Amino acid sequence: MTTIPAALAARLVTDPDVKATYAVDESVGAVPPGDFEVVRARDLADVVEVMRHAHETRTPVVPQGARSSLTGGSVALEGGIVLNVEALDVVSEVDPLEGLAVAGPGVINADLKAAVAEQGLFYPPDPASSAFCTIGGNVATNAGGLCCVKYGVTADYVRGLQVVLPGGEVIRTGHRTAKGVAGLDLTGLFVGSEGTLGVVTEVVAKVVPAPDPALTVLGTFDSLEDASAAIAALRRERHVPSLVELMDRASIAAVQALADYGYPGDCEAALIVQSDRPGHTAEDVALYADILEKAGATEVAVADDVQEADLLLAGRRALSPALEAKGPRFLEDVCVPVGRLTDLIRAGQAISARRGVEITMSGHAGDGNLHPSIFFDADDPASRENAEEAFGEMVATALEFGGTITGEHGVGSLKARWLAQELGERELERQRAVKALFDPHGIMNPGRVYWS
Ligand SMILES: Cc1cc2nc3c(=O)[nH]c(=O)nc-3n(C[C@H](O)[C@H](O)[C@H](O)COP(=O)(O)OP(=O)(O)OC[C@H]3O[C@@H](n4cnc5c(N)ncnc54)[C@H](O)[C@@H]3O)c2cc1C
C-alpha cells in the first residue's frame, strides 16, 4: 500500500474519479493501476517532501505535468506516487536584456509564449499540444513541434534548471548568462530524461526577439513522393522556412471533417510552409511557392494575410483530434534523415498494403519527423496485434534508414523495448549507470525509457 507523509495529506487527491484522471496520459490503452497515490504539489517544499519520502521508502515516483504524453511516460505506476506539478505555474521573470524567462514547471507552453510576447519576445518551442502541455513536461521530453525546422527543439531554449533529486536535494544546473561552458552540461542531461532522474521545479528559458507574424503557402500534390521532393528543395534554401508540415489525403479529410479549414480534398498530399522572417515574409513565401511548383505541386495557394495563414495552421493543429475521431490508433514518431523521407513514406505505404492496415502520413516533415497513425479495430484483438506489428515495422524501418525511434515524443513505456536497438547494449549500460548516479534506488519513473 502506497504511503504518503502526513504533512502532504492536504495535497493528496482523494476523490477516486478525479484520481483516476491523474493516472493516465494520452497514450493508447493507458489504464490506472490498482494501488497508487496522487500528490498535487503546490510549491518546492511539497516536491522535496515527496522526493525525500519516496527515496526513503523506495517508492516509485512519476513526475507529471499535463498528462499529454503519447508514450505512457506519465501514467501512474503500481505502488507509486504520481507527483503532479501543474500548480507550480508562475512565470516569475522575463528579462529582455538577458533574453531569458524563468518559469515554473506547470506553466502551460502557450502561456509562456504569451507572457514573453508582451515584451516583444518569442519562446519558440511549439508542440502541437502547446495550448495544454507544460514547460516541465516539454523539458522532460525535449519536446519538438511545428517550428523546429527553423528554431530547433526545447533543448535549444533551456539555459538552466532547478531540479529536486531523489532524497530531496535541490540542485541548479546550467547558467542564466547568454553563454556558459563551465563543466559538464547537466542541463542537457536532464532535458529529455523523461522523469527518470529528478523533478524539474524551475526552468530558465532562453527567449529571442519576436519574429514577424507568419505568412503561409499551401501546396497540393498528386503524390507523397513529389511532396517530399519539395521538402528536400526547401531544406536547401538559404532562408529556412519557419514551418514545413505534411498531411496526406486521409489526414486532410479528417481535418476537413471537423471543420472547414480551407484544405482541398482532391490531392494525395498537402504541404504547409511558412515564413516568419522579419521584413521578408512575403518575399519568402513567394519563393517557397515557386519551389513547390517546380517540385510538381498541382496547386499552390499563398495565404498572404495573417488571418488566412492562421486558419491553415489551425487546421494543422486540429489534426490530432481529427485523427483521434477516426478511431483507435498507434501514433508513430519516427525521424529519418530528410533525404530518406520519401523512402520512409514508401515503406509506410508498403507496410499498410501488405498488412491491410490503414496508415495515415503526416508530421513535421521539414525535420524528417513523421507521425504515421496506424489504425485498428479496438474490438478485434487480431486487428490491434496487426497494427502493433506494423508499428514495430515502422520503427525498424526508421532505424534501417539511419533514423531514430523517436523524434520528439520520447521513449516512455511505448518504445522502451526498442531503445537498445538504437543505442546498442554498451551505450544503454552507460546510460543506466548515469541514471543510477542520480537515482541509486531506481525510484524515478521506473520502466520508462529504460526497459526493466
Ligand atoms: C494532441 C497532441 C499533440 C502533441 N504534439 C506534440 C508535438 O508537436 N511535439 C511534441 O514534442 N510532443 C507533442 N505531444 C506530446 C506531449 O504534448 C509532449 O510530450 C509534452 O512535452 C508533454 O508535456 P506534459 O506537460 O503533458 O507532460 P506529461 O505528459 O505529464 O509528462 C511527460 C513526461 O515528462 C515527465 N515530466 C513531466 N513533468 C516533469 C517535471 N516537472 N520534471 C520531470 N519530469 C517531468 C513525465 O514523467 C513524463 O515522462 C502532443 C500530444 C498531444 C496529446
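I need the phi-derived Karplus couplings for segment 102-111: 6.51 cos²θ - 1.76 cosθ + 1.60, θ = phi - 60°, integer Hz, Gly and Pro marked x.
10, 9, x, x, x, 5, 6, 3, 5, 6
If I take R0 = 25 Å and measure r between the Cβ atoms of Arg52 and Thr177 in this structure, what FRET efficiency does the formula 1/(1 + (r/R0)^6) give, to the nearest 0.05?
Approximately 0.20, to the nearest 0.05.
Calculate, for Gln431 and Val208, the FRET efficiency according to 1/(1 + (r/R0)^6) with r their C-beta to C-beta distance and R0 30 Å; round to the nearest 0.05.
0.45
Quick one: P(r) of segment 325-400 from all Cα-Cα pairs, 10 Å bins, percents rounded to integers, in order of increasing distance.
Going from the shortest bin to the longest, the percentages are 21, 55, 21, 3.
Run the dipole for segment 119-275 about the Cα centre, Lys and Arg Cβ at +1, Asp and Glu Cβ at -1, nothing else charged, and hand back the magnitude in debye, nearest 20.
Dipole of segment 119-275, to the nearest 20 debye: 840 debye.
Taking θ as phi - 60°, what are the ³J(HN,Hα) couplings along segment 54-67 by the Karplus curve (6.51, -1.76, 1.60), each to the nearest whole Hz, with x for Gly and Pro?
5, 5, 5, 9, 6, 9, x, 10, 10, x, 8, x, 8, 6
For segment 321-452, what ratio Rg/Rh do Cα atoms give with a Kirkwood hydrodynamic radius?
We get a ratio of 1.01 for segment 321-452.
Over all directions, how big on average is the projection of the convex hull of the alpha-carbon atoms in segment 215-320, in square nanometres?
Values: hull surface 23.4 nm².
Result: a mean projected hull area of 5.9 nm².
Find which of Leu146, Val116, Ser320 sits farthest along the positive direction of the dipole of the chain, computed with +1 on the beta-carbon of Lys and Arg, -1 on that of Asp and Glu, about the Cα centre.
With unit charges placed on the Cβ atoms, the residue in question is Val116.
Can you pull the semi-axes for segment 91-209, root of five times each eigenvalue of the Cα gyration tensor, sorted largest first, whole Å? Numbers along the way, then the final one.
Details: eigenvalues 85, 51, 36 Å².
Working from the Cα gyration tensor, I get semi-axes of 21, 16, 13 Å.
Could you give the nm distance between label points at Val18 and Arg42, where each point is 7 Å from its Cα heading toward the beta carbon?
Each label point lies 7 Å from its Cα, and together they span 1.3 nm.
About the Cα centre, and with charges only on the beta carbon of Lys, Arg (+1) and Asp, Glu (-1), how big is the dipole of the chain? Nearest 20 debye, please.
1300 debye
Taking every pair of alpha-carbon atoms in segment 369-433, what share in percent sits in each 10 Å bin, from 0 to the bin with the longest distance?
Values per bin, smallest distances first: 19, 47, 26, 8, 0.
DSSP loop chymotrypsin sites (Phe, Trp or Tyr not before Pro) in segment 132-165 with at most 16 other Cβ atoms within 10 Å of their Cβ, which ones?
Details: sites: Phe132, Tyr151, Tyr157; in loops: Phe132.
Of the chymotrypsin sites (Phe, Trp or Tyr not before Pro), the ones in loops of segment 132-165 whose Cβ has at most 16 other Cβ atoms within 10 Å are Phe132.
Dipole of segment 6-84 (Lys/Arg Cβ +1, Asp/Glu Cβ -1, origin at the Cα centre): which of Gly34, Val24, Pro63 lies farthest to the positive side?
Pro63
How many Å³ per residue does the convex hull of the Cα positions in segment 152-280 occupy?
About 184 Å³ per residue, rounded to a whole number.
Using Stokes-Einstein with the Kirkwood hydrodynamic radius over Cα pairs, what translational diffusion coefficient do you get for segment 6-84 at 20 °C and a viscosity of 1.002 mPa s, in µm²/s rounded to a whole number? Mind dumping the intermediate values first?
Numbers: Rh = 12.6 Å.
In µm²/s, the coefficient rounds to 170.
Just to be sure I understand: of the beta bridges DSSP finds with both ends in segment 6-84, what percent are antiparallel, rounded to 5?
10 percent
With each run of n ≥ 4 DSSP H residues scored as -39500 (n - 2.57), what mean residue ellipticity at 222 nm is computed for the chain after dividing by its residue count and rounding to the nearest 500 deg cm²/dmol?
When only DSSP H runs of four or more count, the value is -10000 deg cm²/dmol.
How large is ³J(HN,Hα), in whole Hz, for each residue of segment 37-53 in order, when computed from phi with the Karplus curve 6.51 cos²θ - 1.76 cosθ + 1.60 and θ = phi - 60°, using x for Gly and Pro?
So the Karplus estimates, Gly and Pro as x, are 10, 10, 10, 9, 5, 9, 7, 4, 4, 5, 5, 4, 5, 4, 5, 5, 5 Hz.
How high is the relative contact order of segment 91-209, in percent, with contacts defined as C-alpha pairs under 8 Å that are six or more residues apart?
Values: 247 pairs, mean separation 38.7, N = 119.
Reported relative contact order: 33 percent.
Roughly what % of DSSP beta bridges within the chain run antiparallel, to the nearest 5?
85 percent
Cα axis of helix 281-294 to longest principal axis of the chain: angle in degrees, 0 to 90, nearest 10?
60 degrees
Rg and Dmax of segment 206-272, Cα atoms, in Å?
Answer for segment 206-272, Rg first and Dmax second: 13.9, 42 Å.
Considering the dipole of segment 331-437 built from charges on the beta carbon (Lys and Arg +1, Asp and Glu -1) around the Cα centre, which of Leu370, Gly407, Ala390 is farthest to its positive end?
Checked the options; the winner is Gly407.
Which Rg and Dmax, in Å, describe the Cα atoms of the chain?
Cα-based Rg and Dmax for the chain come out at 21.9, 68 Å.
Work out, step by step, the length gained on full extension between Ala282 and Asp343: first 0.36 nm times the residue separation, then minus their alpha carbon distance; give nm to one decimal.
Full-extension gain reported as 18.7 nm.
Could you list log10 I(q)/I(0) for segment 24-172 at q = 0.17, 0.20 Å⁻¹, which the Debye formula gives when each Cα is one point scatterer?
The calculated log intensity ratios at q = 0.17, 0.20 Å⁻¹ are -0.99, -1.27.
Cross-link candidates for Lys206: which lysines have Cα within less than 17 Å, leaving aside residues fewer than 8 places away along the same chain?
By straight Cα distance, Lys206 reaches Lys113, Lys150, Lys179.
All of the numbers you see were taken from the coordinates with simple rules; none came from a lab. Values in this document were obtained by computation on a predicted structure and should not be read as measured data. Every residue, glycine among them, receives a Cβ derived from its backbone with ideal geometry; neighbour counts consider all protein chains shown.
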